[in-house]
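A short worksheet on the structure shown next.
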Amino acid sequence: MIDVTGEAAEDTAGTDATTAPVASEPTPTVDRRSLLRRPWAALLAVAGGGAVLAACDITSSPFRRSVHMVRRLTYGVTPATRIWFEAHGEAAWLDEQLDPARLNTSAVDSKLASFRSLSMTAPELLAAYPDTGSAAIAAGELRIAAVIRAVESPAQLFERMVEFWSDHFNVTAQGRVQQLLKIVEDRDVMRTHALGRFKDLLVADASSPAMLLYLDNYLSKVGAINENYARELLELHTLGHDNGYVYDDIVNTARLFTGWSIDSATQGGFLFRTANHDTGPITIMGWTRPSTGSGYDHGVDFLHWLAMRPQTAEHVCRKLAVRFVADDPDPALITAMTNAWLSNDSRIIPVLRAMVAHPAFNSAAGKKFNRPLDYIAQMLRALDARMSTSGSVTQYQAFGRVLSGLGQVPFSWPAPNGFPDTEPEWLSTGGLIARWNFVGDVLAGAYPTITFDGGTFRSGLDGRTAAEIYDRTAEALVLETMTDVGRSFLNTQTGWTDGYRPTAAEINAQLPVIGIAILASPDAQYR
Amino acid sequence: MTLTPTRRTFLKGSAVAAGAAAAVGTGGVTLSTLTNATPAGAATGTGRLVVVFLRGGQDHLSTVVPYTRPSYYAARPTIAIPANAVLDLDGEWGLHPAVPRLHSLYQAGRLGVVACVGNPAHDESHFGAQDLWEYGATSLTGVSQGWIARCLNATASPSDSVFRAITAADRVDLSLRGYSALGVGSIASFGLGGVSGRTTGLEPLLSHEYGGVAPVEVTGRRALDAIDELGAVTGSNANDPVKRAFADLATLFDRDLGVEVATINTYGWDTHANMGTATTGSMRDLLAGLDSYLADFQADLDARGVADVTTVVMTEFGRRYDQNGTGGLDHGNGMAMLVMGARVNGGHVYGTWEEPVVEHGARDVAATTDFRDVLGGLSAAVLGVSPTTIFPGHSYTPVGVVS
């Protein structure tokens, strides 16, 4: 992703093509010309990877630890989050986030009640949305709801985990029936098990009609198998690519899941078709089919066994660490999380606690590149924006095109592996342009379904110096302060000097420029 | 605050395009007039390349059909393409009836086929196999750049156009990882202003902020440079994103922007179930779409007089030889590659047929041509980079589909 002009690949003929094909990329000095000052980033970087005592250094700067933690575990810091966090502290905040039943989500819940599809059963959905056009509208409600929940729900870590599992067990919402079944799956699988045990989530997903349809398992019968689900179960959902299984294991896994199907009476429910199930002896890696119980029970038994494989724990924990901590997470962090998984029967909460408690959690503060949804939610939360559920179809379609341009329409990733997660995957010219335009459009009020009270971050600026206005705005929007270079540059845009006290009219005129400068900056692409 | 001076460069390709346009004229170009219009004057390695990646694993034998092979019909009792339905290529292979326009291009010598291509690594994971293809490798160990990036880096210069390499999507493909490629999801949205149209002051502001050397800043600066160079080019507004992306690519190749390589993707080829027949079903629909995307793109280039573009079509793996229990095909090995346009030695099927054998418990289409021999040929003939540079350690054997 960097300029490598002049870095001609050397002709290394005779060496193994697999090990030395090209000159490696030069490593750039990461020296962003920041508008924003991050005195705490260096502190956290030093602390990262150290012992527990190093983490105590962070607690000497509790505000910055809190900013980092909230940025990573939520979709961004709102004014209310800050007040709450600072009043109650890290431990209480995390306890609450890990127990979302304690959080009052009634405001966002009642708002989303107007998206009727979200509460329907599969038969109701299939009856209510009889054609592709109407099904797309229902799926549109699910997609917009994901954005609204990211921006507005108090159950932030819960919503982040729902998104994580939606990627991990990706089902592309495409085609009428699959779109409608995805609505059910989101509610009954992802949202039901997001902070529970992985083994329960795995069983729920395996018997989810959306997944059964997406990876074709609903058709698979004894003597006439389909390998699609079995392969992705081992490769993506549990063990990891090529991680301890061979082709025979895929075939035998497919045999074990023959009969896991969809009830054709409604097309909407799970049905174990005994007649389609392969009842022969099955051995998959170290697992052997039990001699008692039903074929369905055996599938559940195998899923529970898979969930507790060290490879599974390591694979999923690594993905969690990439999502929440760093593109290239510290192996010690993965080990700590994997141990928590294996000693807690694949419960997710102890894994997340182990992650947050590990010193490496702090190591990449401010360096994790935001995915598009992270970016827009972070910005809308900073603005304390509200998203309407009563817009027109046309307005939501227009917003959908914006999400498409940004590259992340929820539930639209076209392959079973889910949206990617690292900076090289997401950093691109077109992506940055879409982000910049989004900032300009939101601040210009260009989206009728997104509103925010500009007065919130306008207030308190009258009578202040230019330098104070810049700092207060940066503080309000991204919890940073301005560097000297940043102030100097903004002065060239506003025509002010650091000590100048602009009039109310001048502030009104220049605040959008200051806002864009902050929200479209390189720093704002990271969390 | 001023922007960096734009780096408008006339790269190789644009002069050839202009010459070809002058030779055949930009008006009234028909397929037949171009049929024999070999890219005269275009020496080896002066072309431009489009890489089309069919994500999901396109089935070889439904696309390029071995219609004389009894074992093929025995292996696929319900989904084989009947011999009397195929569009014959050479008496041994035929195309699916849903791709008549590609067949016409083949007959006109403008499209070639390489049958039975594979990666010796034989990874049957989508994601493992795609990574290996895009890195042009048999193992990911120690590999840090995509195969196209290696080609471009081998001939890079400080005057390279910011448009030299493009992915027709906002996310840049892995094959270009390691080169500063542009992601252009659509021309229509590749500019400042968004839906509000607010641009005042935005460019100098961003230009200042994205002025450093961190990857995000370098990328941002390239975005601003590209916007500046692109100017007021009108992009496609087609609803179908693939159709739109191909149309935008033709526009970009037509401009003097220095475009040398573009990558583009289509999805949905993971046909595990209910593939249908020669006349109906998902495979027919996928191929009909591909026929129209590719033939429209070539016709668009022809109409613009752009005669130096070679297009190659690939996928991560072919599918099983035998159909599965659900009217589809699980992941396999040998694939068919299509090559179209300027540098192709078209009208011929390359590659060698071998009857499938049971391997790892299943029968795959035997891969008899190493994918590096096809990519290496493109590298040499189109981009002017030696295959041994791109695939060190691989003993390169020309396939002959391009020259």
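At-a-glance table
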| quantity | calculated |
| --- | --- |
| Per-residue average of Cβ from other chains inside 10 Å of B:116-125 | 2 |
| Rg to Rh, two decimals, where the stretch A:197-325 supplies the alpha carbon set and Rh follows Kirkwood | 0.96 |
| Residue order for B:123, A:167 - accessible surface, 1.4 angstrom probe, largest first | B:123, A:167 |
| Chains B and A together, accessible area buried on both sides, 1.4 angstrom probe, square angstrom | 6400 |
| Spin-label pair residue A:84/residue A:484, simplified geometry with 7 Å Cα→Cβ offset, distance in nm | 4.0 |
| Additional length obtainable on full extension of the chain from residue A:124 to residue A:107, 0.36 nm per residue less Cα span | 3.6 nm |
| Rg over Rh, two decimals, the protein assembly as shown (C-alpha only, Kirkwood Rh) | 0.96 |
| The stretch A:454-525 - charge dipole about Cα centre, Lys and Arg +1 at Cβ, Asp and Glu -1, debye rounded to 20 | 180 |
| Rounded accessible area of residue B:285 (nearest 10 Å², 1.4 Å probe) | 90 |
| The stretch A:153-224 - Rg (one decimal) and Dmax (whole number), Cα, Å | 12.9, 50 |
| Residue (of B:272, B:395, B:261) at the positive-pole extreme of the protein assembly as shown, dipole from beta-carbon charges | B:261 |
| Estimated FRET transfer efficiency (residue B:78, residue A:187; beta-carbon r; R0 35 Å; 0.05) | 0.40 |
| Lys/Arg +1, Asp/Glu -1 at C-beta; the stretch A:197-325 dipole; positive extreme among A:230, A:253, A:322 | A:322 |
| Per-selection Rg to Rh, chain A - Cα, Kirkwood hydrodynamic radius | 1.00 |
| Estimated FRET transfer efficiency (residue B:368, residue A:132; beta-carbon r; R0 35 Å; 0.05) | 0.25 |
| Pair residue A:508, residue B:303: separation of 7 Å Cα→Cβ label points (nm) | 5.1 |
| Electrostatic dipole magnitude of the stretch B:258-357 [Cβ: Lys, Arg +1; Asp, Glu -1; Cα centre; debye, to 20] | 60 |
| Shielded by partner chains, the stretch B:371-403 residues - at least 10 Å² of accessible area, 1.4 Å probe, vs chain alone | B:372, B:388, B:389, B:392, B:393 |
| Mean Cα-pair separation over length for the stretch A:454-525, i.e. relative contact order, pairs under 8 Å, 6 or more apart, % | 38 |
| Kirkwood hydrodynamic radius (C-alpha pairs) into Stokes-Einstein, the stretch A:303-447, 4 °C and 1.567 mPa s, D in µm²/s | 74 |
| Residues of type aspartates and glutamates that residue A:319 reaches as a straight line, Cα spacing below 15 Å, ignoring anything fewer than 8 places off in the same chain | A:163, A:167, A:235, A:327, A:328, A:330, A:421, A:423, A:425 |
| Rotationally averaged projected area of the stretch B:256-377 (alpha carbon convex hull; nm²) | 9.3 |
| Largest-first principal axis extents, alpha carbons of chain B, Å | 71, 49, 44 |
| Shape metrics for the stretch A:136-274, restricted to C-alpha atoms - Rg then Dmax, Å | 15.5, 50 |
| Semi-axis lengths (Å, descending) of the ellipsoid that matches the C-alpha gyration tensor of the stretch A:454-525 | 17, 14, 11 |
| A:279, B:352, reordered so the largest accessible area comes first (probe 1.4 Å) | A:279, B:352 |
| Size of charge dipole - the protein assembly as shown - debye, nearest 20, with Cβ of Lys, Arg +1 and Asp, Glu -1, no other charges | 1480 |
| Rounded accessible area per residue of the stretch A:118-201, 1.4 Å, Å² | 27 |
| Farthest positive-ward along the protein assembly as shown dipole, Cα basis, beta-carbon charges - from B:53, B:119, B:95 | B:53 |
| Number of partner chain Cβ atoms within 10 Å, mean per residue of A:409-418 | 2 |
| Segment residue B:277-residue B:71, length gained on full extension (0.36 nm per residue, minus Cα span) | 72.4 nm |
| Among B:216, B:162, B:86: highest mean-square fluctuation, GNM of chain B, C-alpha pairs under 10 Å | B:216 |
| Inter-site label distance for residue B:234 and residue A:344 at 7 Å from Cα along Cβ, in nm | 5.9 |
| Between the stretch A:265-280 and the stretch A:402-468, the Cα center-to-center distance that results, in Å | 45 |
| Shielding of B:270-279 by partner chains, average beta-carbon count, 10 Å | 3 |
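The values are calculated or read from the model by the stated rules, or taken from the named source; none is laboratory data. In this text the structure is predicted, and so the values were computed from the model without any measurement. Quick reminder, even Gly has a Cβ in these numbers, built from the backbone with ideal geometry, and neighbours come from all protein chains shown. These accessible areas exclude ligands, DNA and RNA; they are computed on the full protein's heavy atoms, side chains included. Shrake-Rupley method; radii C 1.70, N 1.55, O 1.52, S 1.80 Å.
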